[in-house]
Amino acid sequence: MIGAWEVILYTFIGVGLGTVTGLIPGIHVNTLIPFFYIVNPSFETCIVIVALMITHTFLDFIPSTLLGIPDETTALTVLPTHRMLLEGRGLEAIKLTAVGSLGSMLVSFLIFYPVYIVMPQIYSFLSPRMGYFLILISVALFLTEKGIKIIYSLFVYFLSGILGYIILNSHILPEDQKLFPVFTGLFGLSVLFFSLKNRSSFPVQPLDFKLLIPKMEILKSVIKGSLAGMFVAFFPGLGNAQATVLVQIIKLKKRMHDNRAFIIACSGVNTSNAIFSLLALYTIKKPRSGAIIAIQKIIEIDRGTLLIFLSVILISSGIAVFLNLYFGKLGIYLIQKLPYRKLCFLIFFLLIILIFLFTGFIGLIVLFTSLAIGILPHILGIKKSHCMGVLLFPIILYYL
């Protein structure tokens, strides 16, 4: 077993790599995984992967907030964070993601041992019934609308679901880039499109970190995100995107701070899911992400390595929360120096170029198809979360 200083050194390397993947659109944790197999597949490599994975969850909301560039884990927060940016509260939106991630890490540690005791039994009960559970989630999602909007939501859900089924069950795109053009079209370009159409202006962004949400609501949102992230970490076919949908559904009443509470919960989902994915690997031997699969292939995880990984999570979380606030403030400062409408045009075409570079002409076709579906919720006046049928629908078909 390696020494404490070596653990810290490799944790810092992982934090550095996680900063790169979190801040640069189109680069995901899974993008770097193949390099770890080539360079040095060892226990030290696994420490780097854990730190990378955790740091990424703290920073990947910054490009989605400032630039409207989503991935699977940040897609549903693009609209709320973009709205806050246009209200002059962009820095607050970024701090909310830091609070959600850090708070979720702490809650996850508090419930880690009880979950370790009970989850194998719960998993064995629910796993064969996963398809039906996903159907219930989908139905609950439809029922968040009223009247004719339920029909509209069904239409958007199945339209995006058919697109997802085609993309996920074909080889027309690289395996690690299949969802990049899909989520960029559904949740990124569609938001930018309406910003351009409505000639949104970019207000002055106060460089303060004041949170306009009650402390009790922060706590509730952190717990909600932690539990959703924990739940999906243990079940096949569920990921951060589905956990975000769960968070979208379980709102008991409309409140003025729902927007902020939702951002906190969604950022908490990502960090909680990363932590409990390690526990899922240890308890039920089921990896739930590319990073966890890499760890499984490199080492046999035991109690000792799990404790070291938990230490790595604590260290990387402590560093990542400061990186979130630093780069968030820097990004807000820099983005105010540019004309907003021209910036939207620039980002719009930059995304198209990125899609072409990563996925070619086929990716562009997928991108514009996704964009056509992504603008429908805006036109029909329904929640954008119904576009998550792109993942829910094909997974339901798989399990049924």
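The values are calculated or read from the model by the stated rules, or taken from the named source; none is laboratory data. Because the structure is predicted, anything quoted here is derived from the model rather than measured. Ideal geometry is used to build each Cβ from the backbone, glycine not excepted, and the neighbour counts take in all protein chains shown.
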_Condition first: of a type outside the set (A, V, I, L, M) and under 20 Å from residue 60 (Cα atoms). Now tell me which residues in segment 22-47 satisfy that._
22, 25, 26, 28, 30, 31
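Tally up the residues in segment 38-47 that are aliphatic (A, V, I, L, M) and in contact (Cβ under 8 Å) with a residue 24 or more places away in the chain, please.
Residues flagged as aliphatic (A, V, I, L, M) and in contact (Cβ under 8 Å) with a residue 24 or more places away in the chain within segment 38-47 amount to 1.
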_Every residue in segment 53-69 that is hydrophobic (A, V, I, L, M, F, W, C) and modelled with pLDDT under 90, please._
61, 62, 66, 67, 69
*Every residue from segment 26-37 that is in contact (Cβ under 8 Å) with a residue 40 or more places away in the chain, surrounded by fewer than 21 Cβ atoms within 10 Å (Cβ to Cβ) and not aliphatic (A, V, I, L, M)*: 26, 30, 31, 37
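What residue, among those in segment 104-132 that are touching a Gly at 6+ places or on another chain (Cβ under 9 Å) and crowded, with 16+ Cβ neighbours inside 10 Å, is farthest from residue 222 (Cα to Cα)?
Applying the first criterion (touching a Gly at 6+ places or on another chain (Cβ under 9 Å)) to segment 104-132 yields 104-105, 107-108, 130-131.
Now restrict to residues that are crowded, with 16+ Cβ neighbours inside 10 Å: 104-105, 107-108, 130.
Numbers: 104: 5, 105: 9, 107: 8, 108: 10, 130: 25 Å.
The selected residue is 130.
Determine whether residue 334 is more than 24 Å from the chain's Cα centre (by Cα) and on the phi < 0 side of the Ramachandran plot. Let's see the steps before the verdict.
On the way: more than 24 Å from the chain's Cα centre (by Cα): yes; on the phi < 0 side of the Ramachandran plot: yes.
So residue 334 fits the description; yes.
Which one of these is modelled with pLDDT of 90 or more, assigned to a helix (DSSP H, G or I) and not aromatic (Phe, Trp, Tyr): 367, 343?
Numbers: 343 fails: modelled with pLDDT of 90 or more.
Of the residues listed, the single one that is modelled with pLDDT of 90 or more, assigned to a helix (DSSP H, G or I) and not aromatic (Phe, Trp, Tyr) is 367.
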*Could you grab me the full set of residues in segment 18-53 that are among the aromatic types (Phe, Trp, Tyr) and more than 29 Å from residue 351 (Cβ to Cβ)?*
37, 43
*Go through segment 265-296 and count every residue that is of a type in the set (Gly, Ala, Ser), under 18 Å from residue 60 (Cα atoms) and buried (at least 23 other Cβ atoms within 10 Å of the Cβ).*
6
*Among all residue pairs at least 6 apart or on different chains, which show Cβ distances below 9 Å where the first residue, located in segment 135-147, is under 16 Å from residue 396 (Cα atoms) and the second is charged (D, E, K, R) and buried (at least 16 other Cβ atoms within 10 Å of the Cβ)?*
141/383
*Just give me the residues in segment 297-313 being surrounded by fewer than 16 Cβ atoms within 10 Å (Cβ to Cβ), in contact with a Phe, Trp or Tyr (Cβ under 8 Å, 6 or more places away or on another chain) and not charged (D, E, K, R), in sequence order.*
299
*segment 376-390 - residue that is at pLDDT 85 or above and assigned to a helix (DSSP H, G or I) and, of those, surrounded by the fewest Cβ atoms within 10 Å (Cβ to Cβ)*: 379
*Give me the pairs: first residue in segment 276-293 and under 20 Å from residue 21 (Cα atoms), second residue part of a loop (DSSP other than H, G, I, E, B), beta-carbon distance under 7 Å, and six or more apart or on different chains, which are they?*
277/288; 277/289; 293/287
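Taking the options 91, 136, 173, name whichever one is within 26 Å of residue 290 (Cβ to Cβ), modelled with pLDDT under 95 and of a type outside the set (D, E, K, R).
Details: 91 fails: within 26 Å of residue 290 (Cβ to Cβ); 136 fails: within 26 Å of residue 290 (Cβ to Cβ).
Exactly one residue qualifies, and that residue is 173.
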*Mind listing whichever residues of segment 1-12 are under 23 Å from residue 324 (Cα atoms), surrounded by fewer than 16 Cβ atoms within 10 Å (Cβ to Cβ) and of a type in the set (Val, Ile, Thr)?*
8
_Please count how many residues of segment 277-297 are within 17 Å of residue 52 (Cβ to Cβ) and assigned to a helix (DSSP H, G or I)._
11
*Selected residue (criterion: surrounded by the fewest Cβ atoms within 10 Å (Cβ to Cβ)) from residues of segment 344-375 that are hydroxyl-bearing (Ser, Thr, Tyr) and under 20 Å from residue 389 (Cβ atoms)*: 369
_One residue from 385, 370 being in contact with a Cys (Cβ under 9 Å, 6 or more places away or on another chain) and touching a residue at least 24 places away in the same chain (Cβ under 8 Å)_ = 370
